[in-house]
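K.L.:
After the structure tokens below, expect a handful of questions from me.
Taken together, the values in this text are just the output of simple stated rules run on the coordinates, not laboratory data. Model, not experiment: these values are computed from the prediction. Ideal geometry is used to build each Cβ from the backbone, glycine not excepted, and the neighbour counts take in all protein chains shown.
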């Protein structure tokens, strides 16, 4: 009797019974096996519910919880869109500040040795009447701006200069190419080779001198050279040592040669047209080259004091 109830033989008998039941037709065992399964599953049901609750608490399924009404969904969508717009706006503002910082650094690096400080000025009003009109800036004499202060963008692109009689809080900028402005109507310039590194200090001495005259209502300059000069479209043109401009503007980029044609009036000459590198009417800000006031230092030196 002890050998009949051994665990090994009982496991073998149970396996044989299960195998036999698996081979029987389903209709023979469906009835009574369902009842047996229900009796066996009864004590396991509480454990199954507890396990399902734990899984739902750790990792909720989609759509669980109370349903939201349409007004709440619309409010959440509005908040999402609002913060998304603020995020994009902040990114653009950061990019703008990075561009301004780069322009200030380029303007400082491209100086000609005179003591000056770059300062960003916002354009608060454009002249609505015509291209080349005066621009209003949000800085004035309180910020060190004086008449003749040079304005540039991208470090070395000449934009214009500040008009005389500067108020404390604002200033008026006369753009390069403004019709009726004596400093802009004619320019002493230099034409550089297109493949020459554009550094104002090194290229003024090697550039080809040329006198430019403003072509009214076109935003272009016109110059005359001898035929066969070799000047080609695309060559950069920079301001020379023009006495009408502050020295901080010397060497700054005016524009590029747009086209070269034969002169109909002078057979041995050719006419070139220069396209401005900057359209002032589209600018939102400029960099002003604030020249430091050296008068107190010079007076102290003359009196024998420390500068």
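K.L.:
Can you sort 101, 158 by how many other beta carbons sit within 10 Å, fewest first?
P.N.:
Numbers: 101 11, 158 26.
Lowest to highest Cβ neighbour count: 101, 158.
K.L.:
Counting other beta carbons within 10 Å of each Cβ, put 161, 83, 256 in order, fewest first. Write down the numbers at each step before the final one.
P.N.:
Working: 161 26, 83 10, 256 17.
Lowest count first: 83, 256, 161.
K.L.:
Stretch residue 79-residue 50 to full length: gain in nm at 0.36 nm per residue minus the Cα-Cα span?
P.N.:
On the way: separation 29, 0.36 × 29 = 10.44 nm, distance 3.80 nm.
Contour length minus the Cα-Cα distance gives 6.6 nm.
K.L.:
Sorting 278, 150, 94, 271 on the 10 Å Cβ count, fewest up front, what's the list? Before the final figure, lay out the partial values.
P.N.:
On the way: 278 22, 150 26, 94 10, 271 16.
Fewest-to-most ranking of 278, 150, 94, 271: 94, 271, 278, 150.
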